[in-house]
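I have placed the structure first, in the form of structure tokens, so that the comments after it can refer back to it.
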Amino acid sequence: KVKLGYLMQSAYSIRNITIIAILISIAFTIIVYFFISDKLTLPIVNLKNKMKQAERGNLDVKAECNNKDEIADLCNSFNLMLENLRRLIEKNRREQEMLKKSELRLLQAQINPHFLYNTLDAIVWLSEARDSAHVIDITKALSGFYRIALSSGKEWITIEEEIEHIRSYLIIQGMRYKDILDYKIDIVHEDILDCKILKLILQPIVENALYHGVKNKGGPGLITIRLSKASPNEILVEVIDNGAGMTKERLKAVVDTINIDTISSSKGKGYGLKNVNLRIKLYYGHQYGLDIKSEPDKGTHVSMLLPKTR
């Protein structure tokens, strides 16, 4: 009996030791699992999630890894790849903008000679009519027009210079269309005259008002150019004519055309407005652009809100 009790006591001790050993093994396994998960599995899962975000177009993500192993090297390579990709995309965007700006400058150079030829024809006609006073006026206006149009290659001029440029344009056109064209330039707030503005954005709009508004009116028409402060930081530029106007269908077609993000190099429906709208968005930002309202037989109102720049 003594030996049996001793054996039973030993068996209980072995059982308890075995249970304790199993519990310790389970606890150790759990600790090792979480350690491996923290050091290996979680960084891989996090990297995978970041890759999925980048795949969906979010290139601003960044993989975080505090380890100093191969996974950390993989995270660093992933971050470096995204940084290089962002740089390439930004470089490509800038190059595309520069290309569009160059194409628009080239287009302006193609438009100006057409206007020059017509003006020279008018000068010849006035000379043949021995109208020396008007020859002097139109020659001075032509000189002022091209002096500002060239502007030593500058992209930005003051509002005062832009107004002088459009006034020269209207003087010339007023002599060619003196029976139908009247114009008014209204500077509501004169303290904006020294602000900077993108060069030659008014002339295509005024030209559009003349050729598609006033000339189609069937009688005398008025073009009003108005500049004012819309807010302490913004300038409102308006070109208003009381010409033929547009139907809702044609207005929609013109608005759809000017909002196409490609440069138009041939004359057509709204091509001048389209290129102005594109220039505004390229130089000022996509939140800016032309706003057009029109009614048949009442005229057209083109406006643009621009940031005040000095």
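Worth a mention:
- Verdict on residue 19 being of a type in the set (Val, Ile, Thr) and modelled with pLDDT of 80 or more: yes
- Of all residues in region 123-133, those that are over 15 Å from residue 146 (Cβ atoms) and open to solvent by less than 50 Å² (accessible area, probe 1.4 Å) total 2.
- Filter result for residue 234 (under 30 Å from residue 98 (Cβ atoms), surrounded by fewer than 20 Cβ atoms within 10 Å (Cβ to Cβ), in contact (Cβ under 8 Å) with a residue 40 or more places away in the chain and of a type in the set (Asp, Glu)): yes
- Region 186-200, residues that are surrounded by fewer than 21 Cβ atoms within 10 Å (Cβ to Cβ) and modelled with pLDDT of 90 or more: 186, 187, 188, 189, 190, 191, 192, 193, 194, 195, 196
- The set of residues from region 48-100 being of a type in the set (Val, Ile, Thr) and in contact with a Pro (Cβ under 6 Å, 6 or more places away or on another chain) comprises just one member, 71.
- Just one of the numbered conditions (1) open to solvent by less than 30 Å² (accessible area, probe 1.4 Å); (2) closer than 30 Å to residue 41 by Cβ; (3) at pLDDT 80 or above is not true of residue 74: (1).
- Pick from region 44-58, criterion surrounded by 12 or more Cβ atoms within 10 Å (Cβ to Cβ) and among the aliphatic types (A, V, I, L, M), ranking: farthest from residue 88 (Cα to Cα): 44
So that you can scan it fast, the table gives a plain yes or no per residue for (1) touching a residue at least 24 places away in the same chain (Cβ under 8 Å); (2) part of a helix (DSSP H, G or I); (3) touching a Leu at 6+ places or on another chain (Cβ under 7 Å); (4) open to solvent by 40 Å² or more (accessible area, probe 1.4 Å):
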| residue | (1), (2), (3), (4) |
| --- | --- |
| 151 | yes, yes, no, no |
| 157 | yes, no, no, no |
| 164 | no, yes, no, yes |
| 170 | yes, yes, no, no |
| 173 | yes, yes, yes, no |
| 179 | yes, no, no, yes |
| 212 | yes, yes, no, yes |
| 223 | yes, no, yes, no |
| 226 | yes, no, no, yes |
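- Residue among 277, 208, 216 that is of a type in the set (S, T, N, Q), closer than 23 Å to residue 179 by Cα and assigned to a helix (DSSP H, G or I): 208
- Residue match in region 77-86 (condition: open to solvent by 70 Å² or more (accessible area, probe 1.4 Å), of a type in the set (A, V, I, L, M), part of a helix (DSSP H, G or I) and closer than 28 Å to residue 261 by Cβ): yes
The values are calculated or read from the model by the stated rules, or taken from the named source; none is laboratory data. From a predicted model like this one, the values you see are computed outputs, not experimental measurements. Note that we place each Cβ from the backbone using ideal geometry, even for glycine, and neighbour counts take in every protein chain shown. SASA here: full protein model, heavy atoms, side chains in, ligands and nucleic acids out. Shrake-Rupley method; radii C 1.70, N 1.55, O 1.52, S 1.80 Å.
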